[in-house]
Amino acid sequence: TSIISIFYFIGKKIAGWSMTFYSLLLVIHIVAAVVGLGASFGMPVLMSSVKTVPQAKFALAVSKGIEKFAKVGSITLLITGIIMAIIQPYLFKEIWDIASLVIYVAVQPIAAGILPKKAKLQMETLENYLGEELPDGYNTLAKESVPLNNVLHIAAVVLIILMTIKPF
């Protein structure tokens, strides 16, 4: 409840509004987007900079920690978005809102399933490897992750556009 109080205070001070429950949810929704998407955009940058096995092990360990922010942000976005639509039922009739939900659900197998499994396989590939140079299996998995990350990034940009511009 102390975190909710902080969001309530921030929202009230920044916007100068009398904070309604809906406004509080909106502030939480926006913060979750920043936290979750920032983490999601940061992980591929981190992973693409590794050149050696020790660097890769470290980057994978850091990435695993960053992934928690992405997951919490993502789940918070879904929950707050659905609650806001329940409070304002007209949102379920807005094409931009429906499209946003469809895109969000469509990319979850990649975000929550495929990419974490590839990261786990990368770590397993490195665990018993004795050399300094990255093994071919690791590099293959890293290359397979690039288009999946691109799909997530494009989806995130489209979601941001839909949520801010509300084109239809």
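The values are calculated or read from the model by the stated rules, or taken from the named source; none is laboratory data. Values in this document were obtained by computation on a predicted structure and should not be read as measured data. Virtual Cβ from ideal backbone geometry, glycine too; neighbours counted across all protein chains shown. Remember, those area values only see protein heavy atoms, side chains included, never the ligands or the DNA or RNA. Shrake-Rupley method; radii C 1.70, N 1.55, O 1.52, S 1.80 Å.
Greater than 22 Å separation of Cα atoms is the criterion. Which listed pairs, Lys57/Lys118; Lys51/Lys118; Lys51/Lys71; Lys68/Lys166, meet it? Correct reply: Lys51/Lys71; Lys68/Lys166. Accessible surface for region 11-140, divided over its residues, is 59 Å² per residue with a 1.4 Å probe. In sequence order, region 109-118 has phi-based couplings of x, 6, 5, 9, x, 5, 5, x, 5, 5 Hz under the Karplus curve 6.51 cos²θ - 1.76 cosθ + 1.60, θ = phi - 60°, and Gly or Pro positions carry x. In terms of its alpha-carbon gyration tensor, region 78-131 comes out prolate; a/c meets the 1.5 threshold, and the first ratio a/b outweighs b/c. For region 121-166, applying the loop criterion from DSSP together with a ceiling of 16 other beta carbons within 10 Å to the GluC sites (Glu not before Pro) yields Glu132. The protection proxy used here, the mean number of other Cβ atoms lying within 10 Å of each residue, ranks peptides 69-81, 93-105 as follows, highest first: 69-81, 93-105. I'd like the FRET efficiency for Val45 and Ile98, computed as 1/(1 + (r/R0)^6) with the beta carbon distance as r and R0 of 25 Å, rounded to 0.05. Efficiency for this residue pair is about 0.20.
Sequentially through region 103-108, phi angles give Karplus couplings (6.51, -1.76, 1.60; θ = phi - 60°) of 5, 4, 5, 5, 8, 4 Hz, Gly and Pro residues having no value and appearing as x. Shown in residue order for region 69-81 are the 3J(HN,Hα) couplings computed by the Karplus curve 6.51 cos²θ - 1.76 cosθ + 1.60 at θ = phi - 60°: 5, 4, 5, 4, x, 5, 5, 4, 4, 4, 5, 5, x Hz (x for Gly and Pro).
Here is the tail figure for the chain: Cα pairs spaced more than 26 Å apart come to 39 percent of all pairs.
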